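Since the structure comes first, as structure tokens, the remarks are kept for the end.
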Amino acid sequence: MSHGQIERIDLANLPTPLERAERTGALVGAVSLWIKRDDLTGMGVSGNKVRKLEYTAAEAVGNGADTLITCGGIQSNHCRATAAVAARLGLSCRLVLNGKPPSVPEGNHFLDLLFGARCSFVSGVDLDGMRGAMEKAAEECRREGKKPFIIPLGASDATGSLGYVQAVEELAGQSEGLGLGIDRIVIPTGSGGTLAGITAGVVSLGLPWKITAFSVAFPSTFFDTKTRELFDGLREKYIPELGSPEGRFEVNDDYIGEGYGLTTPEQLGFIARVAAAGGLLLDPTYTGKAMWGLSGELKCGRIDPAENIVFIHTGGAFGLFAYREGFSEVLNNS
């Protein structure tokens, strides 16, 4: 499959392992659960985000940028990954974080600062508000004589999605080598770029895999629109022959709970049980909600426990540290 003319900077440790997770599978009710360990991509332990940034950062450098600007929540894995990539490439980094400045930086935000990122904060804004705040930061950079490059939320544009088109090719090769007939891919989805890339890869290769994404932020209808938009961009820029995403994925928004980055004692207890059962670290914002969702769908029979399921572990372990108080209560009561 041709991706057209596109530059890529080699940042991730690839291929990431594909591992059988028998103990975790037994806990959630899956006979054959495999974990695609994209938490092990390296580059500041940047999880799935560095796959996207290999392409997005290459575009930025190709445009002569000296500053990367992006946005996200205070515990954003994507913001932390962008800060790490900027440091690796000798670029400046500006982050627009949605929330109130914490009195003590923790988790991913602490790492943002260690990587040298300059952070500004906005509260209670929607996606348009975040884009406006990034444009303002870019204008400030231009006045300082810099050349900024804005990366959208989650690097979820056509260029970033290429990282997961490539990941599907990688996974297809690994599963073939293992003689594993994959039935279903399970992922968390926030801004939709990873989902669109995986769907594009599956469509491009003509794979029969089902794709189930558990939303951690937006209603399922958001992803229908977002995926169509990114498929249009992929066709226009990189993969002209790309087919349609219609009917190739499902997004379950039943496990968002109170909202993005918000969790419950029940979910934290589940994350702790997964860690104790098999040594697998999930985070409360992304992977914990997705595995929690998978467990729920298996137990109610909407997903067949006999399927060969591959869970894409998108990373996020540093986010655990921002929830220490909640975990302390759960662990003390267990």
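Within region 247-269, the residues that satisfy the criterion of being in contact with an Asp or Glu (Cβ under 9 Å, 6 or more places away or on another chain) and either of a type in the set (S, T, N, Q) or more than 24 Å from Leu298 (Cβ to Cβ) (or both) are Asn252, Thr264. Within region 292-316, the set of residues being assigned to a helix (DSSP H, G or I) and closer than 23 Å to Lys49 by Cβ comprises Trp292, Gly293, Leu294. Glu135 meets the conditions (1) under 30 Å from Thr225 (Cα atoms); (2) under 21 Å from the mean Cα position of the chain (by Cα) in every case but one. The failed one is (2). Within the bounds of region 182-189, is there any residue that is assigned to a loop (DSSP other than H, G, I, E, B) and in contact with a helix residue (DSSP H, G or I) (Cβ under 8 Å, 6 or more places away or on another chain)? Yes, region 182-189 contains a residue that is assigned to a loop (DSSP other than H, G, I, E, B) and in contact with a helix residue (DSSP H, G or I) (Cβ under 8 Å, 6 or more places away or on another chain). Among the criteria (1) of a type in the set (Val, Ile, Thr); (2) more than 24 Å from Phe222 (Cβ to Cβ); (3) not assigned by TED's automatic domain parsing to the domain that holds Phe270, the one Thr24 does not fulfil is (3).
Residues of region 317-325 include none that is touching a strand residue (DSSP E or B) at 6+ places or on another chain (Cβ under 8 Å), within 24 Å of Thr16 (Cβ to Cβ) and not in a loop (DSSP other than H, G, I, E, B). The residues listed here are Arg273, Arg235; of these, the one that is part of a helix (DSSP H, G or I), out of contact with any Ser or Thr (no Cβ under 8 Å at 6 or more places or on another chain) and more than 28 Å from Leu33 (Cα to Cα) is Arg235. Looking only at region 168-198, how many residues end up being β-branched (Val, Ile, Thr), under 16 Å from the mean Cα position of the chain (by Cα) and under 24 Å from Ala306 (Cβ atoms)? The total comes to 5. If you go through region 69-94 and keep only what is out of contact with any Pro (no Cβ under 7 Å at 6 or more places or on another chain), farther than 19 Å from Ala138 by Cβ, surrounded by fewer than 24 Cβ atoms within 10 Å (Cβ to Cβ) and among the hydrophobic types (A, V, I, L, M, F, W, C), you end up with just Ala87.
Residues of region 98-132 being touching an Asp or Glu at 6+ places or on another chain (Cβ under 8 Å) and either of a type in the set (Asp, Glu) or within 25 Å of Ala60 (Cα to Cα) (or both), which ones? Across region 98-132, the qualifying residue is only Cys119. Filtering region 294-320 to residues that are in contact with an Asp or Glu (Cβ under 8 Å, 6 or more places away or on another chain), small (Gly, Ala, Ser) and surrounded by fewer than 24 Cβ atoms within 10 Å (Cβ to Cβ) leaves Gly296, Ala317. Annotation note: of Thr263, Thr287, the sole residue that is among the β-branched types (Val, Ile, Thr) and buried (at least 23 other Cβ atoms within 10 Å of the Cβ) is Thr287. Scanning region 172-181 for residues being touching a strand residue (DSSP E or B) at 6+ places or on another chain (Cβ under 9 Å), part of a helix (DSSP H, G or I) and hydrophobic (A, V, I, L, M, F, W, C) gives a total of 1. Total residues in region 55-65 satisfying the condition of being surrounded by fewer than 24 Cβ atoms within 10 Å (Cβ to Cβ), in contact (Cβ under 8 Å) with a residue 60 or more places away in the chain and more than 18 Å from Gly145 (Cβ to Cβ): the figure is 1.
If I filter region 294-321 down to residues being among the aliphatic types (A, V, I, L, M) and under 18 Å from the mean Cα position of the chain (by Cα), which single residue comes out as nearest to Gly269 (Cα to Cα)?
Among residues in region 294-321 that are among the aliphatic types (A, V, I, L, M) and under 18 Å from the mean Cα position of the chain (by Cα), the one nearest to Gly269 (Cα to Cα) is Leu320.
Inside region 7-62, can you point out the residues that are modelled with pLDDT under 95 and within 18 Å of Met291 (Cα to Cα)? Hit for region 7-62 is Gly47, nothing else. Could you tell me which residue of region 20-54 is farthest from Val274 (Cα to Cα), considering only residues that are surrounded by 21 or more Cβ atoms within 10 Å (Cβ to Cβ) and among the small types (Gly, Ala, Ser)? Looking at residues that are surrounded by 21 or more Cβ atoms within 10 Å (Cβ to Cβ) and among the small types (Gly, Ala, Ser), I get Gly44.
The values are calculated or read from the model by the stated rules, or taken from the named source; none is laboratory data. Here the structure is a predicted model, which is why all the values come from computation and not from measurement. Note that we place each Cβ from the backbone using ideal geometry, even for glycine, and neighbour counts take in every protein chain shown.
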